[in-house]
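Scroll down for the structure; my scribbles are underneath it.
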Amino acid sequence: MKNTFFLKLLFLCCLQLSFLLSRAQTEVHISDPQNWNSSSLSKYVGQTVVFDVPFYICNNYYYKTGTYIIAPHRIFAPTNQALPASSEYYSLIKANENAEIEINGISGYHRMGEKLYNLQVYVNSSNSVSFKSCDFRGNTRQDMQTLPSVDLLAEHTLLVCAFNLEYYLVENLGTGYGPGSKSDSDKQHSKIMDALTHIKADIFGFVEIEGGPTALRKLATSLTAATGFEYTFSEDDAYSNGSFTKAGYVYRKDRVKQVGKVTSNNTATSNRKKVTMFEEIATGERFLLSVNHFKAKSGTGNGADADQKDGQGIFNATRTNEANSVLSSDMDKLYQDPDILVVGDLNAYAKEDPIQAFINAGYTDLHRAFHKDTSYSYVFRDQAGYLDHALASKTLYPQVTGMAAYHINSDEHDGFTYDKSSDLTMFRSSDHDPVLIGLRLSNEPLYKWQPIVKQDNSLVLSADNNSLSARVFTLTGFLYSQVELSAGQELNLSDLHLPKGVYIVELYGGQHQHKAQKVIVTQ
């Protein structure tokens, strides 16, 4: 009997050992999942897959059920990265389709853009995976409590904020646009004010704000009360009844003063393309701020405004006409100053015709100048991109210290809007992120070169006596890593354990102009 018992025990132990060995053998590591999606799952059914590179949350619309859309990189709108109807455009469409997968079993709320490090999933079937574990990092609400830096090239003396307020109304309620009641209007105001008091810009350029002076006056008065700085607003002739929105300005009287009137350009859309001049009180330096809201992609377009199936959507011809009208309006001659900053919701992604009109006229796209292909201010159907632009004229660009979108809205779930939630924080105060631009107005050169030193076939970055931000981009423009260096600190890039490939390393900070260096990792 004893022998039988021990034989059975030995047999059970062997089965257990076999089971454990089997489990160990079913854990698969994947280091390059760029095209890993449901079509790749069949060979891993019944196995645990561990990813050696981070995934991104690309959509969270099912978060209450624990289901998220993830991909090994952020999914960008194709025309944000490639010219419409180009071969690259069609390649991006296919790459986007092959990158995403739905995953279930994640607990809690996670914003789009959060990274999943050390992700482990169990493959249930050829079209289903379950979450096992990961390390969530970055892009949380807590991270957003700190403003993104606009001091990438130098320390700014003026902060400009461009912000689409998503139909900010205070009087004409219940029209089908914006707040439908006084209660909703009050909640919308609270969320927007939480955002504006975090930002504390010297100049705000708003779009989708109610026509007439009441809405602008309310924001200026509320900002004054909340911050202790005296804010005022720019008067114009845009007195409209109903829920029609316009572009408008609110600014700090102790920091800047308005010079001259607000000029309106009513091509295609009335009261939504404005320009005026501001003077920095401390220096006497001036620049023009053009705030715009171009025709939307919604509705029905005919002829040249019909959808041409090239990724630019409806009313592209009208938006391009609006861009050309801003460029041909002789702003510099009217205000006797060539320093122009064009901002606003242009309803076109970076590579679309309206934006290329500005680029071809010599303007610099500040999103790309400072953030390559990683910049975004809006997310639509999983795809990130920027409709909210900041474009600097040739003479103003050397006076820009930095630019960044403040991701308090685009990565948030729609359920946190003022009409769907009791949440009164700045998160999801609009469907667009505010865009921040740092300026240091001067006729003198602001920057010096910061050397990048090579040693022993590796790249060593030295902060010298200034703090620096070192950013590592892939050759296609995606931000792989960012490291902050304090004064005197050195970083050897080999410590970042970059996978094989070609990278662009850029330095920003202090009084140093950014400088780029190509790095090839072979091991």
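What follows is calculated from the coordinates using simple rules that are stated; it is not laboratory data. Please read all numbers here as calculations on a predicted model, not as lab measurements. Cβ: placed from backbone, ideal geometry, glycine included. Neighbour counts: every protein chain shown.
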In whole Å and largest first, what semi-axes does the C-alpha gyration tensor of the range 21-137 yield when each eigenvalue is scaled by 5 and square-rooted? 26, 17, 12
By average C-beta atoms within 10 angstrom, highest first, the peptides 402-409, 336-343: 402-409, 336-343
What are the ³J(HN,Hα) couplings of the range 115-132, residue after residue, when phi is run through the Karplus curve with 6.51, -1.76, 1.60 and θ = phi - 60°? Round to Hz, x for glycine and proline. 9, 10, 8, 6, 5, 10, 10, 9, 8, 7, 7, 6, 9, 8, 10, 10, 6, 10
Answer rounded, prolate or oblate for the range 159-439, using the Cα gyration tensor with square roots of eigenvalues a ≥ b ≥ c: rounded when a/c is under 1.5, else prolate when a/b is larger than b/c, else oblate. rounded
Please express the shape of the range 158-200 as an equivalent ellipsoid: the semi-axes are the square roots of 5 times the eigenvalues of the C-alpha gyration tensor, given largest first in whole angstrom. 23, 11, 6
Subtracting the Cα-Cα distance from 0.36 nm times the residue separation, let me have the gained length for Ile359 to His29 in nm, one decimal. 114.4 nm
Among the Cα-Cα pairs of the range 155-239, the proportion with separation greater than 15 Å, in percent, is 59 percent
Sorted by packing (mean other beta-carbon atoms within 10 Å per residue), highest first, where do 170-179, 380-389, 285-294 land? 285-294, 380-389, 170-179
